[in-house]
Amino acid sequence: MPQQSHRHHYIPEFLIKNFTNENGQVHVYDKLTERIAKTQQSPKSVFFEYDRNTTRSHGKELDHLEQLYGMLDNLFAADLTSVLTTRSFTPENIVSIILLAANLKWRVPARDEEFNALKETKIPELQMRITVLDENRQHLQGAVEYLRTTEIFKQIQRVTLGMLPLMQDDETKLAMHNNSFIYAQSSQLPPALISDCPIIEKPNADYTKLENFIFPLSSNETFIYKSNSGKDIKSIDFFRQKDLAVFHAATRYVACQSRDHLENIAAQYQALKQTNQHGRSQELIFDLIA
């Protein structure tokens, strides 16, 4: 029987590894203390919470939700590795990356408050009809209704919420496919940042959809979805603004393979904060996409 897991990553390790240095580690900045950790960290040691996905039933701890995330991560990892290795992607790869982005959108601590409010309501798009058909077993319908109230049932909605953007009409899905691309930055530029809230999305009040979004895939590659996109960037300043936007979106932790670059972005962010301009990058970044 598999050992119960307790270290639950809200940013999967396979993604963090794409941002590590030659030693397989990253430097980590803590926005709470405004300091970079003295020692470099491995992917295993960052962007996780103990028992984050553990649920309890009849006094027993269960990690079924974490196992589900693990199975999805394996699928996402295979597709992303293929894309970054071959420098090409199929329509199926695009769907996989969009699903990964939507999955991460709801998986991270930054979404806890919003999800906790949603899970206590009956989300129409996620309602499942479960009916006991055997007339001799109608007494089991009460058990089915009880199942809907359990924590594991509610928490699974966190996973299914991430599937809703691709459960739209065919025209919407085609638009997402046609306006998505991966941009590889020059090796002369500093390596990209990753944070505990890695998806940069335009303001969006509709939980069933993804707005235009930017998703750093590695230290060099970025996945971009923008409606009516020319699939290019207008200025090299895009990459600096992207890192500032990633830094701003972070709830607490930001990581990078380069300590110098992490310090530089943190300093720029603090300077912008002095004039209350620190959130501007999340607005400007989409204007820098052709």
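For the subset of the stretch 166-192 comprising residues that are of a type in the set (S, T, N, Q) and open to solvent by 30 Å² or more (accessible area, probe 1.4 Å), which member is farthest from residue 237 (Cα to Cα)?
168
Would you check if residue 39 is touching a His at 6+ places or on another chain (Cβ under 8 Å) and either modelled with pLDDT under 95 or of a type in the set (Ser, Thr, Tyr) (or both)?
no
Have a look at 224, 285, 265 and point out the one that is touching a residue at least 60 places away in the same chain (Cβ under 8 Å), within 22 Å of residue 10 (Cβ to Cβ) and outside any loop (DSSP other than H, G, I, E, B).
265
Applying the selection to the stretch 1-50, what residues are of a type in the set (D, E, K, R) and within 18 Å of residue 70 (Cβ to Cβ)?
7, 13, 17, 44, 49
Take the residues in the stretch 78-114 that are of a type in the set (A, V, I, L, M, F, W, C), more than 11 Å from the chain's Cα centre (by Cα) and surrounded by 18 or more Cβ atoms within 10 Å (Cβ to Cβ), then tell me which one is farthest from residue 47 (Cα to Cα).
So, considering only residues that are of a type in the set (A, V, I, L, M, F, W, C), more than 11 Å from the chain's Cα centre (by Cα) and surrounded by 18 or more Cβ atoms within 10 Å (Cβ to Cβ), the one farthest from residue 47 (Cα to Cα) is 89.
It is to be established whether one or more residues within the stretch 270-280 are open to solvent by 10 Å² or more (accessible area, probe 1.4 Å), touching a residue at least 12 places away in the same chain (Cβ under 8 Å), of a type outside the set (S, T, N, Q) and within 30 Å of residue 90 (Cβ to Cβ).
no
Output the number of residues of the stretch 42-59 satisfying the condition of being loosely packed, with under 13 Cβ neighbours inside 10 Å, under 20 Å from the mean Cα position of the chain (by Cα) and farther than 19 Å from residue 252 by Cα.
Within the stretch 42-59, residues that are loosely packed, with under 13 Cβ neighbours inside 10 Å, under 20 Å from the mean Cα position of the chain (by Cα) and farther than 19 Å from residue 252 by Cα number 0.
In the stretch 12-41, what residues are out of contact with any Asp or Glu (no Cβ under 9 Å at 6 or more places or on another chain), surrounded by 14 or more Cβ atoms within 10 Å (Cβ to Cβ) and not basic (Lys, Arg)?
Matches in the stretch 12-41: 16, 19, 20, 21, 25, 26, 28, 40, 41.
Listed residues 232, 206; which is surrounded by fewer than 21 Cβ atoms within 10 Å (Cβ to Cβ), acidic (Asp, Glu), at pLDDT below 95 and under 26 Å from residue 103 (Cα atoms)?
206
Look at residue 95 and say whether it is more than 23 Å from residue 254 (Cα to Cα) and either modelled with pLDDT of 90 or more or touching a Ser or Thr at 6+ places or on another chain (Cβ under 7 Å) (or both).
yes
May I ask you to verify whether residue 11 is under 17 Å from residue 215 (Cα atoms) and of a type in the set (A, V, I, L, M, F, W, C)?
yes
Would you mind stating whether residue 251 is touching a residue at least 40 places away in the same chain (Cβ under 8 Å), surrounded by fewer than 20 Cβ atoms within 10 Å (Cβ to Cβ) and either small (Gly, Ala, Ser) or in contact with a Cys (Cβ under 9 Å, 6 or more places away or on another chain) (or both)?
The answer is yes for residue 251.
Do any residues in the stretch 6-24 that are touching a residue at least 12 places away in the same chain (Cβ under 8 Å) have Cβ atoms under 6 Å from those of residues that are among the basic types (Lys, Arg) and crowded, with 21+ Cβ neighbours inside 10 Å, where the two are at least six apart or on different chains, and which pairs are they?
Filtered contacts from the stretch 6-24: 10/107.
The values are calculated or read from the model by the stated rules, or taken from the named source; none is laboratory data. Predicted, not measured: the structure shown is a model, and the values here were computed from it. So basically every Cβ, Gly included, is an ideal-geometry build from the backbone, and we count neighbours across all protein chains shown. Protein only, heavy atoms only, side chains kept; ligands, DNA and RNA dropped before computing areas. Shrake-Rupley method; radii C 1.70, N 1.55, O 1.52, S 1.80 Å.
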